[in-house]
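J.: What follows is a single structure, and I will ask about it in a moment.
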Amino acid sequence: MLNIEKLVKSFAGEKARGRRRGDAQAAVFAVNDVSFEVKEGELFTLLGPSGCGKTTTLRSIAGLEHPDSGRITVGDRVMFQRGGDHGRSVNLPANQRGLGMVFQSYAIWPHMSVFDNVAFPLQVRKRSERPSKAQITERVDRVLETMELTPQASRQATKLSGGQQQRLALARALVIEPPLLLLDEPLSNLDAKLRESLRYELKRLQRELGITAIYVTHDQIEALALSNKIAVMTAGEVVQLGKPREVYESPANKFVAEFIGTSNFMPGTIGARDAEHLTVETANGKLYLQSAAQLVVGDEVVVSIRPEAVELSRTSLGAVKNEWSGKVVARAFLGDAVDHVVAVGKQELRVRVNPSVSIEPGSEVYLRLDPTKISLVPVG
Amino acid sequence: MTLADRVMDRSEVVEESRWRRLVPTPKVAIVAGVAALVGYLALVPLGYLFWGTFFDNEGLEFGGFRRAYGNDRMGELLQNSLSFAIGAAVLSLTVGTTLAYLNVRTAVPFKALFFAASIVPLIVPGILYTISWIFLASPDIGLLNTALEPIFGSAPLDIFTIWGMIWVEGLHSSPIVFLLMVAAFRSMDPSLEESALMSGATRLQTLRKVTLPLVRPALLSSVLIILITSLESFEVPALLGLQNNIYVFTSRIYFVLRTYPPDLAAAGALAVGLLLIAVTGVAISRLLAGRGSGTFQTITGKGFRPRPMDLGRWKPVVGTGILLYFSATVLAPLLVLVYTSLLPFYRKPSMDVFSALTTDNYVELLHLDQAQTALRNSLMLGVGTATLVMAVMAIAAWIAIRSRIPGRGVLEQLTFIPLVIPGLVLGLALSFVYLRSPIPIYGTMFILLIAYCTKYMPYGMRYATTSMGQISSELEESALVSGASWWKTFRRVLLPLLAPGILAGWVYILVVSFRELSSSILLYSPGNEVLSILIFEQYENGQFTVLAALGVVMVLTLVVLVTIAYKIGARVGLRND
């Protein structure tokens, strides 16, 4: 459906253009050689901290940014191509791409009514492609109905609540029935409660209408909850691409492990290997875990342990694998969980447990680490 | 490759973009047109000015400079101009800043009077203000002199001195400083001052060590604005200084051109000198402001409403001071104008005079063709200038702020060039252009229109860029993504959103062009007088009473226009300061 190939966008690079390649070192790469594919009906998320290039990538797809090189196709339409072995340069202007986009601020035109906002994309079409007035009214009404905005149709757009504005922005993006919907942090302007309910609403709409969508966010929970697929970006590059569960449970590197959720890291070496069952020697003792990674005995690795993958108790279960002893250093009550910082040897581990378990600082405790929830991340 | 292959090879998209290269889209045509127009207005007059000053038929020559600055005139000119400008700046800055501080930070009485006084420069043009002060403080006919005679002896006040010039210019400019400083004091977080007080500083120490350093950028820009407007001021030096041969740059230029035969090269030399001083001033302030910026992040854009400080036993003193200030800046000049307009011939007030007051002067105005032509010309020029400037600047602002067209920064700079060109210099430069150019507009209203458009381009640009900046670029991008073309986006999304700001700018430019004098004085021709020119002529002919009536009409018209401007300005959050 959407294909991005070797997309590059540098910022200082505009000046460096025309000079020899080697001179352009000063350029800052906002997007550096990004490629991915989004399948029909998928909700694909670009996730990363601010400045990672996710918005630049989205705006390049929209046609609002002019990339340096690469190729963007939607279906069989070439939106952009330049450089490489792509042949002639193409850069379709934003207003000819026919995509739908929801902006971070919603960008609802304050001088128009709700109806007019939604009708705009249809009204501005070329005369030959423009639907009749009656058709426009019918299509706008239908979209407003879907978004449950029919009662507000004649209202001034600025008089809507946050959630209604968000639905209006969505209605406007969807009225032309675009092949691809671009969402630029559409929930970041809302308060936490509303954000959560709209997150499910968005997911339901996307699935029911069968929309292919690209979603940009820096909120990992949003990404995990919504997406069919996540591309984690940092410094202009995609560092991991996969299903939410894959990204969470087996992060490709330390950055992903840290950015998505919190994680404890522990260096070690491979002590023994039996098919997918590995024993890792760490400073705190042996750790048993499963991994398909191509590793041999003696390799240096870093183990990533999610705080919720650890079980905490005051008593030892005896002969169980992966049981360590430690001492609680601090704890914090979070409502739906209790965080403990536990000193194990020279290291402090963060452990998140059910609120029914709460152990005061200073107590000796036993930690049990679930072998299926421990992952290895590449060193460095 | 066969023809068929080549046809197959090309996608539709490529075909389209090739077409685009050949036929300019509306966007390209409009953008290029606006850029060309701005460049023409900003650069051509200056080019001709330099050419006309430094070159004559025989090539490069400096005779103009010799004639302009020779005979030790240089020192005298500089001394007069600088003492006039600095004096006016010191006066207006002291008065304006004090009033602003009192207004924002203290529970001062008569707050309503402050803003009444602050709109005076807008509704009473400099020429009327100066003439009013001649009526008040001239040694021969000044009403104040008559009033003070019993105490101080004959004619204690003489407005026709450098002190008189400083007084009139400084008072007339003080409201500008007031408005700038009010904005600065309002946008300063009062907790900065409160924490100084909590640290044990006295009010005075707080003022000196915290408040004033924090508003330094605003103070600096006020100083600069007043220095430059005083240097450029024409009416005050011309009406007050020429009487006793006190020349500053502007009045010297006027004098040189009025003697026969007019010495264009010498006038040009003076104009270049004045321009250099103005540019230097702007450069210095940029430097100072640049050094200060970043250090003053504490001043936010937020509006604060601090609890006003109680003046205690100083209240009556301060209150009296404010009443005095209001009388001097607003009441006296306006009253003397109204008084004069009701006299059959100019004389000092007495019981007889008051019983003989008449509206004959206003009746005469109705029969004076010249007056009606002038009023019509001023209004037409105002409307024309405002419309043209705002239309072009709306596009220019888009180019400067929203587009990524290379050279957009240069375009923005170009629109601000006229800000440093004194009105009289602009008039001179334009007469250089159109005396030599084949375009036959010299001596018509069009040359005035061009002058006004050039002069007020920076104001239009400021209004347009301010309102453009308030519109999120996502509003425009979402229209593009929705499939709207550039022109459709501009017309259907940007223009309606810009409308309030553009309207505010439109009325403001209408107001300021309505009273323009310093450029018009060198460009008008008999029959094409505008209102301020007619008043100037009548003053020179000694028709004081008719002049006063005309002045009253002018002030009333301006009151209406300014009221509209403020109503709109308040609605869109823009101020005419």
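J.: Having 3 or more residues that are more than 10 Å from chain B (Cβ to nearest Cβ) is the bar; report the strands (runs of 3 or more DSSP E) wholly within the range A:47-133 that clear it. I'd like the intermediate steps shown before the answer.
T.: Details: elements: A:69-74, A:77-82, A:100-102.
Filter on the range A:47-133 gives A:69-74.
J.: Restricting to the range A:54-80, what's the tally of residues that are within 20 Å of A:Gln104 (Cα to Cα) and of a type in the set (Ser, Thr, Tyr)?
T.: Of the residues in the range A:54-80, 4 are within 20 Å of A:Gln104 (Cα to Cα) and of a type in the set (Ser, Thr, Tyr).
J.: Would you say B:Pro139 is modelled with pLDDT of 85 or more and assigned to a loop (DSSP other than H, G, I, E, B)? Can you show your working first?
T.: Numbers: modelled with pLDDT of 85 or more: yes; assigned to a loop (DSSP other than H, G, I, E, B): yes.
Yes; evaluated as a whole, the condition is true for this residue.
J.: Taking B:Pro175 as the residue in question, decide whether it is surrounded by fewer than 23 Cβ atoms within 10 Å (Cβ to Cβ) and modelled with pLDDT under 90. Let's see the steps before the verdict.
T.: Working: surrounded by fewer than 23 Cβ atoms within 10 Å (Cβ to Cβ): no; modelled with pLDDT under 90: yes.
For B:Pro175, the condition - surrounded by fewer than 23 Cβ atoms within 10 Å (Cβ to Cβ) and modelled with pLDDT under 90 - is not met.
J.: Can you pull out every residue in the range B:74-102 that is out of contact with any helix residue (DSSP H, G or I) (no Cβ under 8 Å at 6 or more places or on another chain) and in contact (Cβ under 8 Å) with a residue 24 or more places away in the chain? Steps first, please.
T.: Step one: list which residues in the range B:74-102 are out of contact with any helix residue (DSSP H, G or I) (no Cβ under 8 Å at 6 or more places or on another chain), which gives B:74-76, B:78-79, B:82, B:94, B:98.
The answer is B:Glu76, and nothing else.
J.: Take the range A:1-46 and flag every residue that is in contact with a Ser or Thr (Cβ under 7 Å, 6 or more places away or on another chain), under 22 Å from A:Thr212 (Cβ atoms) and either assigned to a loop (DSSP other than H, G, I, E, B) or modelled with pLDDT under 90 (or both).
T.: Hits for the range A:1-46 are A:Met1, A:Glu40, A:Gly41, A:Glu42.
J.: Out of the residues in the range B:464-494 that are assigned to a loop (DSSP other than H, G, I, E, B) and within 33 Å of the chain's Cα centre (by Cα), state the one that is farthest from the other protein chains (Cβ to nearest Cβ). Show your work before the answer.
T.: First, the residues of the range B:464-494 that are assigned to a loop (DSSP other than H, G, I, E, B): B:471-472, B:482-485.
Checking the rest, the ones that are also within 33 Å of the chain's Cα centre (by Cα) come to B:471-472.
Details: B:Ile471: 9, B:Ser472: 6 Å.
Step by step, filter the range B:464-494, then rank; the result is B:Ile471.
J.: Output the qualifying pairs, or none if there are none: Cβ atoms under 6 angstrom, residues six or more apart or on different chains, first residue in the range B:271-283 and assigned by TED's automatic domain parsing to the domain that holds B:Ile417, second residue in a helix (DSSP H, G or I).
T.: Cβ pairs passing all conditions: none.
J.: Considering the range A:284-302 alone, what residues qualify as being more than 18 Å from A:Gly326 (Cα to Cα) and surrounded by 16 or more Cβ atoms within 10 Å (Cβ to Cβ)?
T.: A:Leu289, A:Ser291, A:Leu295, A:Asp299, A:Val301, A:Val302
J.: Within the range A:68-109, restricting attention to residues that are among the hydroxyl-bearing types (Ser, Thr, Tyr) and closer than 19 Å to A:Ile211 by Cβ, which residue is nearest to the chain's Cα centre (by Cα)? Walk me through it before giving the result.
T.: Of all residues in the range A:68-109, those among the hydroxyl-bearing types (Ser, Thr, Tyr) come to A:69, A:73, A:89, A:105-106.
Right, trim to closer than 19 Å to A:Ile211 by Cβ and you get A:73, A:106.
Working: A:Thr73: 21, A:Tyr106: 19 Å.
Looking at the filtered set, the residue picked out is A:Tyr106.
J.: Filter the range A:325-356 down to the residues that are buried (at least 19 other Cβ atoms within 10 Å of the Cβ) and out of contact with any Asp or Glu (no Cβ under 8 Å at 6 or more places or on another chain) and list them by number.
T.: Of everything in the range A:325-356, those that are buried (at least 19 other Cβ atoms within 10 Å of the Cβ) and out of contact with any Asp or Glu (no Cβ under 8 Å at 6 or more places or on another chain) turn out to be A:Val338, A:His340, A:Val344, A:Leu349.
J.: I'm checking my understanding of the structure. Among residues of the range B:339-379 that are charged (D, E, K, R) and part of a helix (DSSP H, G or I), which one is nearest to B:Leu144 (Cα to Cα)?
T.: To start, the set of residues in the range B:339-379 that are charged (D, E, K, R) comprises B:347-348, B:352, B:360, B:364, B:369, B:376.
Next cut, part of a helix (DSSP H, G or I) only: B:352, B:360, B:364, B:369, B:376.
Details: B:Asp352: 19, B:Asp360: 25, B:Glu364: 28, B:Asp369: 34, B:Arg376: 35 Å.
The residue in question is B:Asp352.
J.: Would you be able to tell me the number of residues in the range B:495-530 that are within 17 Å of the chain's Cα centre (by Cα) and outside any loop (DSSP other than H, G, I, E, B)? Outline the logic, then answer.
T.: Initial filter on the range B:495-530 (within 17 Å of the chain's Cα centre (by Cα)): B:504-521.
In the following step, the residues that additionally are outside any loop (DSSP other than H, G, I, E, B) were identified as B:504-514, B:520-521.
Residues flagged as within 17 Å of the chain's Cα centre (by Cα) and outside any loop (DSSP other than H, G, I, E, B) within the range B:495-530 amount to 13.
J.: Okay, next question. Before we move on, is B:Ile447 modelled with pLDDT of 90 or more and surrounded by 21 or more Cβ atoms within 10 Å (Cβ to Cβ)? Break it down stepwise before answering.
T.: Details: modelled with pLDDT of 90 or more: yes; surrounded by 21 or more Cβ atoms within 10 Å (Cβ to Cβ): yes.
So B:Ile447 fits the description; yes.
J.: Condition test on A:Ala223, is it within 16 Å of the chain's Cα centre (by Cα), at pLDDT 90 or above and at positive phi?
T.: Working: within 16 Å of the chain's Cα centre (by Cα): yes; at pLDDT 90 or above: yes; at positive phi: no.
In short, no.
J.: Next question. List the number of the failed condition for B:Gly64; all other conditions in (1) crowded, with 22+ Cβ neighbours inside 10 Å; (2) more than 20 Å from the chain's Cα centre (by Cα); (3) within 24 Å of B:Val552 (Cβ to Cβ) hold.
T.: (3)
J.: Moving on to the next point. Hey, could you check the range A:55-86 for residues that are out of contact with any Asp or Glu (no Cβ under 9 Å at 6 or more places or on another chain) and of a type in the set (D, E, K, R) and say which is nearest to B:Ala484 (Cα to Cα)?
T.: A:Glu65
J.: Sticking with this structure for a sec: On the basis of being surrounded by 15 or more Cβ atoms within 10 Å (Cβ to Cβ) and within 30 Å of A:Lys39 (Cβ to Cβ), does A:Leu160 make the cut?
T.: Working: surrounded by 15 or more Cβ atoms within 10 Å (Cβ to Cβ): yes; within 30 Å of A:Lys39 (Cβ to Cβ): no.
Criteria not met by A:Leu160.
J.: Considering every residue within the range B:542-555, establish whether at least one is in a loop (DSSP other than H, G, I, E, B) and away from chain A (no Cβ under 14 Å). Walk me through it before giving the result.
T.: Here is the first cut: in the range B:542-555, the residues in a loop (DSSP other than H, G, I, E, B) are B:542-543.
Filter once more, so that each one left must be away from chain A (no Cβ under 14 Å): B:542-543.
So far as the range B:542-555 goes, yes, one or more of its residues are in a loop (DSSP other than H, G, I, E, B) and away from chain A (no Cβ under 14 Å).
J.: For the range B:473-481, check the following and say yes or no: at least one residue is in contact (Cβ under 8 Å) with a residue 12 or more places away in the chain, polar (S, T, N, Q) and out of contact with any helix residue (DSSP H, G or I) (no Cβ under 7 Å at 6 or more places or on another chain).
T.: Narrowing the range B:473-481 to residues in contact (Cβ under 8 Å) with a residue 12 or more places away in the chain: B:473, B:475-476, B:479.
Checking which are polar (S, T, N, Q) leaves us with B:473.
Narrowing the set further to residues that are out of contact with any helix residue (DSSP H, G or I) (no Cβ under 7 Å at 6 or more places or on another chain) leaves B:473.
Yes, the range B:473-481 contains at least one residue that is in contact (Cβ under 8 Å) with a residue 12 or more places away in the chain, polar (S, T, N, Q) and out of contact with any helix residue (DSSP H, G or I) (no Cβ under 7 Å at 6 or more places or on another chain).
J.: To continue, here is another question. What is the residue count in the range A:64-81 for residues that are crowded, with 17+ Cβ neighbours inside 10 Å and modelled with pLDDT under 90? I'd like the intermediate steps shown before the answer.
T.: Of all residues in the range A:64-81, those crowded, with 17+ Cβ neighbours inside 10 Å come to A:64-65, A:67-74, A:78-81.
Still in the list and also modelled with pLDDT under 90: A:64-65.
Within the range A:64-81, residues that are crowded, with 17+ Cβ neighbours inside 10 Å and modelled with pLDDT under 90 number 2.
The values are calculated or read from the model by the stated rules, or taken from the named source; none is laboratory data. Please read these numbers as outputs of a predicted model, since none were measured by experiment. Glycine also receives a Cβ, built like all others from the backbone with ideal geometry; neighbour counts cover every protein chain displayed.
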